[in-house]
Structure formats: C-alpha cells, structure tokens
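Colleague: Below is the structure I would like to discuss, written out as structure tokens.
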Amino acid sequence: MLSNCLKGEISRFLTGLLGVALAGFVLGFPAICALIYLTGYVFWLLRRMDNMVRWLDSGAKPANAPQTTGLTDEMIQLIHREKKYSRKQRNRYRGMLAQFNSLAADLPDATVVLDRDFEIRWSNSAAQRLLNIDPEKDRGQRIDNLVRLPKFREFLHNNSDEEELEIPSSSIGDRIMAIRKVPTGKHMTVLIAADITQRVQVREMRKAFVGDVSHELRTPLTVIRGYLEMLRENESLDEQMKQGLDQVTAQSDRMRGIVEDLLQLSKMEGNPLAENEGDTLNMGAMIQTMVHTLGESTESHEFILELDSTLALVGSEREIYSACHNLLTNAVRYTDPGSTIRVSWQQSADGEAVYSVADNGHGIEARHLSRLSERFYRVDAGRSRDDGGTGLGLAIVKHAAQRHGGLLSINSTPGSGSVFTITFPPARVLPLQLAANQ
Ligand code: ADP
C-alpha cells in the first residue's frame, strides 16, 4: 500500500509528465521534452532531499526547516512530531532522574553502583559519609583502591551474594558498617553499606551479659553440687529424702550443663578463627573413640562408620569434639532403641571435608528445620529436658562450624530419619600423612 503523500508525489509527477508530453507533441519532440522533464524532476527531488539532509545535519531546528512540498514535506512533519515526543520523554526522564537522585541522596545507607571492573559509576551522599567516596571526584575509580581492606577485596571478588561483611567505617572513626552486594543489570553490582554500630553494640552487650552471668553462676553451682554430694553420702537419710536429693542433683547438673554451653557459645559467637588457627585433628580416630564410648553406654543402637582415616582437620579440638559429639548424642537421644546411626567423615569431590550423622529415627517436620539451631529451640521440649538436653546443642554445632569457615545443614524426612551435616572448607583439610610430617 502506498502512503497518501507518495500517491500525491506520483500524481504530481505524472500530471507534469502528461503536460510536458502534450506540449512536446505540439512542438514535435515529445520524447525529448519528457526526458528533460524527467531529469528536471529527479534533480528537484534530489535537491529537496539534500536540503533535508543539511537541515538534519544542522540539528533539525523547526525554525530552520526547509520550505518544501510532497514527500519531503511529510518527512519534515514526521521529524517535528518525533522530536516533540522525544523532548517530552527526555523531560519526563530528567524529572524522574532528579527525583531518584534526591531520594538516593537522602537514603541513610551508602549506595554505590559498580561496573564489572568494580569501578564506581554512581554513589550517593551517604557513601561519602560512611565510605569516604566522593560522588563526583571518585567516579571511575576502582572501589578497592578507596576502601583498602583485604577482607573487603575478598568480599568484592567472592561470588556469593548472600554474605554480609562487617567493617569499620573508613570515614567515621568508631562506626561499624554492614556491606551487602546486589548484582544488577549486565555485570553491574550495587553495594549497600548500612551503619550497624548500634546493632553491634547491643549484640556485644548481650554476649558479654550472657558470658558474665554464666561465669558468675559457675561457682555457686559447683558449691551446691559439692554439698549435694556430701548430703547424698549420708547413710541415715530416709528413701524419700534420698529421692529428693537425687532430683535436686539432676537439676543442678542440668543447670551446670546450660551454663557451660552458654559460656562456650558466648566465646564462639561472631568470632571466627584465623585462617590456619587450630591443631591438626585426627578426625577418624576422634570419631571412632567417640562412637565407641557412646556405643558402650547405649548398646541399643547400631552404628555404621564410613570414616576416611587419612583426612585431618585443622581446628579447635574442644569445639570440633563438642560439635561432632552433640550430633552423635542427639542421634541416640532422638531415635528409638534398635535404630541405625550412620556416621561419615569423607572428602567431597571439590575438596571439602564432610562430617555427617544420619539416623533412621522419626525425623523432623520441615517447619522446624530452619529454627533448630536457634538457642533453646526444641521440637519436643518435654522429651529434650527428660533426656538431659539443654536446647543449646545445635546452636553450639552451628557456631563451631562457622568459626571454622564451615556450615551446618539439616535434612530430615518425617518417618524416615534425619541427616545432620557439617561441611568444612578445603583450606582446613589436610591429608593425615602430610599433617604428621609437618
Ligand atoms: P537439645 O539439647 O534439646 O537436644 P539441640 O539444639 O541439640 O537441643 O536440638 C534441638 C532440637 O532438635 C531437639 O530438641 C530435638 O527436638 C531436635 N533434634 C536434634 N537432633 C535430632 C535428631 N537426630 N532427630 C530428631 N530430632 C532432633
């Protein structure tokens, strides 16, 4: 389908051609007249086009638009309309950008947009306050040249976007920031840094408080335990009194257990070990002894061991022992007699060391799984207490794993059993022979 303006252009051309051809007939040279007309028309068309190109080249201002007709006139009208529309759009985007800039500038959190080479594309005024990044002067600079902390550089290159990094503010002396990375667009990253000084202070206060209280409770509990022992040795006590004393002793032991666990937790929480800190642990032998001792005290369970005895772990013996032992005792306590417990210590294909304890007990419903490692969270509080549980076992396992750069994961199917797994990073794993030669 031809457009109206092209139809108009063609009809104008044909009318002209007809007129010139008639005149040619009268003069006796119709073909020559038509050829001259054709050449003239093409030249006129090219001239109009050339005027347009020049006008477009000079910025296509409406005031300078060439006087023209037909197809070229229609094109000029279209360009006018298009320019008007894009001007309107531009103004809209400008308004939106100004609004976004003033909003982002007022954000309390520092926001920095980085390109694929971690060069700063944009930052807000909070970034100046917290990270000392000038929104104008530092544009185009690599951010790790401005925030020069090794753990920040590591965080930047780390592919995990879930992590949060806590670092001191580069511009305000005693403030602490939590930095998060949000990947966006094509190879772009947004860094968001929030001032968490108050949150950290509250956390530290809570830690110190729990640590202090637990510490203070230790001595009176030891004294109470001593007197209880003395009283229980008294032969003259009647049966009722003896039973009462046994109960008080059991409760004071439970309290001591809680106090010891709380103390251990407050020491571990938010306090990762340095990269190579710790002893070289012969995990195979440690787990075997643990299972042997536990098996002797509870003959009711069958243990299957899959231990790689050549695999050593670098870490704190006390914490690793406690974590491994907690998972084993839980597997015994929360399964029925006759259950099978599979204990494994192996290296995965990507070099991580994996300790796992799998049982074929009743399992745990999915809704509890994410909360199991919270302090004092229990699926069945009554059963846990009766079995001497403090409700802190899995919290200790989680923090001990985290202190070693590891991770606790829990899988469970109600009716089939549970698998508790601690995964340690390759940096903490050594072949035992190599460890022995070191
Ligand atoms: P507790 O001292 O109560 O055992 P934990 O932190 O070790 O505290 O465990 C938290 C809860 O997780 C337990 O109360 C129990 O309900 C559940 N749990 C732990 N291990 C198992 C297991 N192997 N099978 C089923 N439930 C378990």
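The values are calculated or read from the model by the stated rules, or taken from the named source; none is laboratory data. Since this is a predicted model, take the numbers as computed values, not measurements. Please note: Cβ atoms are built from the backbone with ideal geometry, for glycine as well, and neighbour counts cover all protein chains shown. What goes into the accessible areas is simple: the full protein's heavy atoms, side chains included, and nothing from ligands, DNA or RNA. Shrake-Rupley method; radii C 1.70, N 1.55, O 1.52, S 1.80 Å.
Colleague: Cβ contacts < 7 Å: first residue more than 11 Å from G363 (Cα to Cα), restricted to the stretch 391-418; second residue among the acidic types (D, E) and part of a helix (DSSP H, G or I), any location; separation 6+ or different chain. Result?
Modeller: L392/D261; I396/D261; A400/E319; R403/E319
Colleague: I've got another one for you. Please return the ranges of helices (runs of 4 or more DSSP H) entirely within the stretch 123-183 where 1 or more residues are of a type in the set (D, E).
Modeller: 143-146, 150-157
Colleague: Determine whether T72 is open to solvent by less than 60 Å² (accessible area, probe 1.4 Å) and in a helix (DSSP H, G or I).
Modeller: Taking the combined requirement at face value, the residue satisfies it.
To keep it simple, each residue is scored yes or no on (1) modelled with pLDDT of 90 or more; (2) exposed (fewer than 14 other Cβ atoms within 10 Å of the Cβ).
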{"position": "L2", "(1), (2)": "no, yes"}
{"position": "L14", "(1), (2)": "yes, yes"}
{"position": "L22", "(1), (2)": "yes, yes"}
{"position": "V26", "(1), (2)": "yes, yes"}
{"position": "A31", "(1), (2)": "no, yes"}
{"position": "N51", "(1), (2)": "yes, no"}
{"position": "A60", "(1), (2)": "no, no"}
{"position": "A65", "(1), (2)": "no, no"}
{"position": "T68", "(1), (2)": "no, no"}
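Colleague: Does the stretch 79-90 hold any residues that are open to solvent by 90 Å² or more (accessible area, probe 1.4 Å) and under 21 Å from S3 (Cβ atoms), and which are they? Don't jump to the end; show me each part of the working.
Modeller: Residues of the stretch 79-90 that are open to solvent by 90 Å² or more (accessible area, probe 1.4 Å), as a first pass: 81-82, 84-85, 87-88, 90.
Result: R81, E82, K84, Y85.
Colleague: How many residues does the stretch 343-380 contain that are among the charged types (D, E, K, R) and more than 12 Å from the ligand (Cβ to nearest atom)?
Modeller: 3
Colleague: Go through the stretch 312-342 and count every residue that is under 26 Å from the mean Cα position of the chain (by Cα) and either over 25 Å from M268 (Cα atoms) or within 12 Å of the ligand (Cβ to nearest atom) (or both).
Modeller: The number of residues fulfilling the criteria is 1.
Colleague: Can you tell me how many residues in the stretch 189-235 are open to solvent by less than 80 Å² (accessible area, probe 1.4 Å) and closer than 30 Å to R142 by Cα?
Modeller: Qualifying residue count, the stretch 189-235: 10.
Colleague: Which one is farthest from the chain's Cα centre (by Cα), of the residues in the stretch 33-49 that are open to solvent by less than 60 Å² (accessible area, probe 1.4 Å) and over 24 Å from D73 (Cα atoms)?
Modeller: Here the residue is C33.
Colleague: Can you say whether V314 is more than 15 Å from V429 (Cα to Cα), at pLDDT 90 or above and open to solvent by less than 30 Å² (accessible area, probe 1.4 Å), as far as the supplied structure shows?
Modeller: Working: more than 15 Å from V429 (Cα to Cα): no; at pLDDT 90 or above: yes; open to solvent by less than 30 Å² (accessible area, probe 1.4 Å): yes.
In short, no.
Colleague: Mind checking whether some residue in the stretch 50-57 is more than 20 Å from E82 (Cβ to Cβ) and part of a helix (DSSP H, G or I)?
Modeller: Yes; the residues of the stretch 50-57 include at least one that is more than 20 Å from E82 (Cβ to Cβ) and part of a helix (DSSP H, G or I).
Colleague: List, please: which pairs have Cβ atoms under 8 Å, are six or more places apart or on different chains, and start with a residue in the stretch 103-131 that is aromatic (F, W, Y) and end with one that is in a loop (DSSP other than H, G, I, E, B)?
Modeller: Taking only residues 6 or more apart or on different chains, the pairs are W122/P135; W122/R139.
Colleague: Now for a separate question. Please determine, by comparing only the residues of the stretch 236-275 that are within 30 Å of F424 (Cα to Cα), among the small types (G, A, S) and open to solvent by 30 Å² or more (accessible area, probe 1.4 Å), which one is nearest to the chain's Cα centre (by Cα).
Modeller: G270
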